[in-house]
1. So which of G74, G86, G99 ends up being at pLDDT 85 or above and within 23 Å of F262 (Cα to Cα)?
2. Tally the residues that are small (G, A, S) and in a loop (DSSP other than H, G, I, E, B), restricting the search to segment 214-232.
3. State all residues of segment 195-207 that are within 19 Å of V261 (Cβ to Cβ) and part of a helix (DSSP H, G or I); if no residue qualifies, say none.
4. Here is a check on your reading of the model: is G103 under 23 Å from D352 (Cα atoms) and assigned to a loop (DSSP other than H, G, I, E, B)?
5. In segment 223-245, which residues are surrounded by fewer than 21 Cβ atoms within 10 Å (Cβ to Cβ) and within 23 Å of W288 (Cα to Cα)?
6. Between a residue in segment 119-144 that is in contact (Cβ under 8 Å) with a residue 60 or more places away in the chain and within 17 Å of G317 (Cα to Cα) and any residue that is small (G, A, S) and open to solvent by less than 30 Å² (accessible area, probe 1.4 Å), which pairs come within a Cβ distance under 8 Å, given they are 6 or more apart or on different chains?
7. Please specify each residue of segment 346-355 satisfying the condition of being assigned to a loop (DSSP other than H, G, I, E, B) and among the hydrophobic types (A, V, I, L, M, F, W, C).
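The values are calculated or read from the model by the stated rules, or taken from the named source; none is laboratory data. Here the structure is a predicted model, which means the values were calculated and not measured. Reconstructed Cβ throughout: ideal geometry from the backbone, glycine too, with neighbour counts over all protein chains shown. Surface areas here come from the heavy atoms of the whole protein model, side chains and all, with no ligands, DNA or RNA. Shrake-Rupley method; radii C 1.70, N 1.55, O 1.52, S 1.80 Å.
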Amino acid sequence: MVIKVKKLISFILAVCMMSVALASCSPFRKNTDTGVGRSTESNLPVQTQDTSDTETDGTPAVSDTDALNTTPTGVIYNNPDLTVTGSITVPSDLSFLDGINKGHFADKNADDPKGCWWPGRISRDLTTGEITVKYDRAQETIDLINKYGAIYCGNSEEKIVYLTFDCGYEYTDAEHPNGVTSSIIDTLKTKNVTGTFFVTGDYIRERPDVIKRMLDEGHIVGTHTMHHYNMTTVTPEVFVEEIKSNNDLLKEKIPGAPDMVFYRPPEGGSCEWNLALAQQMGLCSVFWSATEADYNTDNQPDPAQTLINDKQWLHNGCVYLLHAVSTTNAQILGELIDYIRAEGYEIRSLADFKR
């Protein structure tokens, strides 16, 4: 009887892990055939730097910005819980990776060949506020996250929450003619909340004006790499180039912008050598402990149910991952922020992260 119960529990956990992995691992790209944002398969990695002066849909790229000639507000990294110094470095020798495990995390989803990140699952009773840990990552994986100064979930003893947003491209519709991201930033400004936005090369080329606004209003701009490859599938040399070229592009479009030292692995694809190389470059790898399948602009989750889900996933140290193309997120963000605060939680910047 005990064996049967254990097998049942293992099966339930596996199903939960797979559903979360699918939600957080799906490619987040722009359909350049139609110009409409949607989830599509990533291209195979290449080792050449993208120096094109045109957008992927053939239209002229945003020119060097005369309108963006004001130095953005930087972020001072003096937090003892973080290892970032505020600048990206390019290693001259990658041989330090030779003895580091090249495989995926030991507790990766068995059905996921790319080892994409999936968080543990915490359920919060919306009536009592009681939090139940359904399952978590293996201690070995959590130890690796901490060893390399990465972020998964904050201090479990303090009611602090972090809001992070992935920006692969800009999505517009009739309700958001200036882009969904701008609507999200409007809400953050109204609520006096600081977030972190992880941007790709496509987004930097497309909307340097919005990135400039993020910086000026005190948000952190992190890197989501140049091409949004799953970084477990590339060579160390390509890894370095993906980070460097994206950072160089930001500096080209917004002179004076701070280095993007917070790094969100595309698709959540990561492993020990990725963590080690990111740390060596001065990066802080940022995962998440709560997310929603919100990235497909053609199939947005129901706002009411998504808000309930986000409330149920609220926990001490919660790192929310929200996609900035999501009209659902734009609609419910203000209510979510109000709820988080009403429950006694403080929303902080990743620059103030506490382990």
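1. On the way: G74 fails: at pLDDT 85 or above; G99 fails: within 23 Å of F262 (Cα to Cα).
So the residue among G74, G86, G99 that is at pLDDT 85 or above and within 23 Å of F262 (Cα to Cα) is G86.
2. To start, the set of residues in segment 214-232 that are small (G, A, S) comprises 218, 222.
Imposing the further condition that a residue be in a loop (DSSP other than H, G, I, E, B) reduces the set to 218.
Number of matching residues: 1.
3. Residues of segment 195-207 within 19 Å of V261 (Cβ to Cβ): 195-201, 203-204.
Hits for segment 195-207 are G201, Y203, I204.
4. Values: under 23 Å from D352 (Cα atoms): no; assigned to a loop (DSSP other than H, G, I, E, B): yes.
The answer is no for G103.
5. Of segment 223-245, the ones surrounded by fewer than 21 Cβ atoms within 10 Å (Cβ to Cβ) are 233, 235-238, 240, 244-245.
Residues satisfying the conditions are T233, V240.
6. Hits for this filter: P119/S24; P119/S289; P119/A290; G120/S289; I122/S289; I122/A290; K134/G120; Y135/G120.
7. F353
Let's see how each residue does on (1) open to solvent by 60 Å² or more (accessible area, probe 1.4 Å); (2) not acidic (D, E):
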position: T83; (1), (2): yes, yes
position: K102; (1), (2): yes, yes
position: D112; (1), (2): no, no
position: P119; (1), (2): no, yes
position: E130; (1), (2): yes, no
position: D136; (1), (2): yes, no
